[in-house]
Amino acid sequence: MWRQIQLPDDMPGLVHVGDIVHPSLPESPAVFTERATLFPEGFLVLADSECDPNSALNNEPAAPSGPSSSRIYGYAISHPIPHDQPPALDSLLGSIPTNTPDNSNLNNDEPAVKPSPQYYIHDIAILPAFRGQGLAAQCIRLLLDVAKRHGYKTTCLISVYGTSEFWGKFGFLPPENLSDVLKEKVKGYGEDAVYLVRREVDGEA
């Protein structure tokens, strides 16, 4: 099942899954630790009961975790970010924004000009042997529920490995315009990386 991360027990499993799923896009344990510390509600791990090893297409082993934890088959990282400012790959955030526009430097008679932060899905990684069971879709719905509970009107992500069509099933689409800074940041995730945004629809389940 998908559950909230438990550190330090889950760390060996996270590293194992990351090494297999993202050999060309590695991130350090420090990134995992910081994300889990700053926004634990958005950091999920896939462990034991929802996974069916008998349906696996290969013999990919699950990742061992700590003595008090279940075995790890995948993880998902998500958290708020400043508007259109996803973090660079393998970088620390320092802090995360609250869901209000940052207009602290404006005079009282000036209109608000800075947009509200967004929710950001940084990564969903599942071992190859446990794909094709609807686990990614289940995770996405859980993360979108987190975004909705916190009142975020948009959720964004950087699609890699040609997965834009998959994300489109959940309402994620490329925006009309990207700043040059954002374009360069997206390139850091690979030549096929695409920035996608989903807008919350009032009344959507």
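Taken together, the values in this text are just the output of simple stated rules run on the coordinates, not laboratory data. These numbers were taken from a predicted model, which means no experiment stands behind them.
Taking square-rooted eigenvalues a ≥ b ≥ c of the alpha carbon gyration tensor, is region 112-189 rounded, prolate or oblate, where a/c under 1.5 means rounded and, failing that, a/b exceeding b/c means prolate?
Oblate.
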Counting only residues 5 or more places away or on other chains, whose amide H sits under 5 Å from the amide H of L173 once H atoms are built in the peptide plane?
V197, R198
Along region 163-174, Karplus-curve 3J(HN,Hα) (6.51, -1.76, 1.60; θ = phi - 60°) to the nearest Hz, with x for Gly and Pro, reads 9, 4, 4, 4, 5, x, 5, 10, x, 8, 9, x
Could you derive backbone 3J(HN,Hα) for region 126-132 from the dihedral phi with the Karplus parameters 6.51, -1.76 and 1.60 (θ = phi - 60°), listing whole Hz in sequence and x where the residue is Gly or Pro?
10, 4, x, 5, 10, 8, x
Distant-in-sequence amide H partners of H122 (H built 1.01 Å from N, under 5 Å):
I77, S78, H79
Amide H contacts of S28 (H built 1.01 Å from N, under 5 Å, at least 5 apart or other chain):
none
